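Notes follow the structure.
Every number here is computed from the coordinates shown, using simple stated rules; none is lab data. Since the model is a prediction, treat every value here as computed from it, not as a measurement. All Cβ positions, glycine included, derive from the backbone under ideal geometry; neighbour counts span all protein chains shown.
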């Protein structure tokens, strides 16, 4: 059985986006934005801020399970905080060895750890031992840092440390997001691992999903930027309706945009820590996130481009809302 996971895009896919995108259908699992771990035992409120789903079974309101992702290089502290997340109700723990951000890498987090398979093994092993056996532990990595020479060694380090699965973004850190994703390099990894390998990178269309599965041999895929460009993509992949009317797909995507806008505009005025979406400035939040989302959608939808052109210079909350609600 194949699955589709919503990628943990830092600063993009938060609680509200997870709620709306999973309601659109096709997504089997979500992973939170990463929680940065240094030498600190984090308070409960940090977990609830990044993953409010903990308050209702660690699932989105539509019932999709959510796993919590951690990023760091301290095995002991990662293990401690992972164990705490499990006690709070986390359904799964994910470890980030793929983030290419310079700031993160400079502080020895994310993809830079792909230079040290032994440390990766130590981190995964510590977390696996700290988390109850019935809670899956996974890891997300890239093919490597500067090259893919250590790809299999890193993947095996993750597997031998007790992880239940591994996601591989089919590029190195150096390659960033430059096309193409090298799905063919996942074949060797998949053939030499006994745990499931999830393919990630450059899945923007139904055809991309089918081709990724065919080239890599991985039936499980993770989609990131492709969902932002086309929120209906996971449902469309599941339905495999290659000839589906684009107008119908835009109507479903627009419905998500309208509900997103409505939820922000009508959210109750409460202290930030009590707010359902942790928004203490609805105008700034809507202005930033809405335009960010529409800009991504514009890359694959002419309708989204038209709507983006209408709102990109507008800053008034009510006017933004009116433009969105009148869109068709």
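Data for the structure
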quantity	calculated
Folded to 0 to 90 degrees: helix 151-160 orientation relative to the chain principal axis, Cα	80
Relative packing of 170-178, 293-301, which averages over residues the other C-beta atoms within 10 Å, highest first	293-301, 170-178
Length-normalised contact order for the range 119-195 - Cα pairs under 8 Å, 6+ apart - percent	34
Förster radius 22 Å - calculated FRET efficiency between residue 87 and residue 119 (Cβ-Cβ, nearest 0.05)	0.30
R0 of 51 Å, Cβ-Cβ distance residue 160-residue 239: FRET efficiency to nearest 0.05	0.85
C-alpha long axis of helix 282-298 to longest principal axis of the chain, angle in °	80
Computed over the range 4-239: relative contact order in percent, which uses C-alpha pairs under 8 Å that are six or more apart	17
Gained length - residue 194 relative to residue 2, 0.36 nm times residue gap less alpha-carbon distance	67.5 nm
Estimated inter-spin distance, residue 219 and residue 258, nm [label 7 Å along Cα→Cβ]	3.8
Residue order, fewest to most beta carbons within 10 Å, for 232, 149	149, 232
Estimated [θ] at 222 nm from DSSP helical runs (n ≥ 4, -39500 (n - 2.57)) normalised by residues in the chain, nearest 500	-13000 deg cm²/dmol
GNM flexibility winner over the chain from 184, 69, 318 (Cα, springs under 10 Å)	318
Cβ-derived FRET efficiency at R0 35 Å, residue 266 paired with residue 28, nearest 0.05	0.75
The range 176-245 versus the range 30-71: alpha-carbon centroid distance in Å	25
Projected label distance in nm at residue 41 and residue 319, using a 7 Å step from Cα toward the beta-carbon	5.2
Full-stretch length increase - residue 283, residue 108 - with 0.36 nm per residue and alpha-carbon distance subtracted	59.5 nm
20 Å cut-off, amide nitrogen to a point 7 angstrom out along residue 76 Cα→Cβ, residues in the range 130-145	130-131
